[in-house]
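The block underneath contains the structure these notes are about, expressed in structure tokens.
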Amino acid sequence: MSELQKKAFNTDSSKVYFDFYYNEFIKRKEYSHHYKIVLEKKWLDLSFLVLRIYNMNKKWNRKTYNSLDGESYTYEMDTPFGSVNRIRKK
């Protein structure tokens, strides 16, 4: 078990925050996006967890999804036991 896993599993909290920045370059200009996803600790024990993050700054994503309250993104998730899918716009 890694040091990070030990820290995550040795707390009394039932949640873990997956907090990261994603940088992309478009036409020689850098854009930085911050994402913070709340995960249940028990999900980390599953055989797989697929997380799809949709940036609402992208036109196609704005047409298809509603963003999370106060955020510029939304996400969906797949596990061996089911999926969490956002309602799509028509």
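Where a number appears in this text, it was derived from the coordinates with a stated rule and is not lab data. Since the model is a prediction, treat every value here as computed from it, not as a measurement. Cβ placement follows ideal geometry from the backbone for every residue including glycine, while neighbour counts extend to all protein chains displayed.
Summary table below
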{"quantity": "Amide hydrogen neighbours beyond the local backbone of Tyr75, cut-off 5 Å, H modeled", "calculated": "Tyr54"}
{"quantity": "Rough spin-label spacing in nm, given labels placed 7 Å along Cα→Cβ, for Tyr31 and Ser13", "calculated": "2.9 nm"}
{"quantity": "Vicinal HN-Hα couplings computed from phi for region 34-43 (Karplus, 6.51 cos²θ - 1.76 cosθ + 1.60; Hz; Gly/Pro x)", "calculated": "10, 10, 9, 10, 8, 10, 7, 4, 4, 5"}
{"quantity": "222 nm mean residue ellipticity, helices alone, for the chain (DSSP H n ≥ 4; -39,500 (n - 2.57); rounded to 500)", "calculated": "-3500 deg cm²/dmol"}
{"quantity": "Positive-end residue, the chain charge dipole about Cα centroid, Cβ charges, pick of Leu51, Val84, Ser67", "calculated": "Ser67"}
{"quantity": "Compactness of the chain - radius of gyration and Dmax, Cα, Å", "calculated": "15.5, 46"}
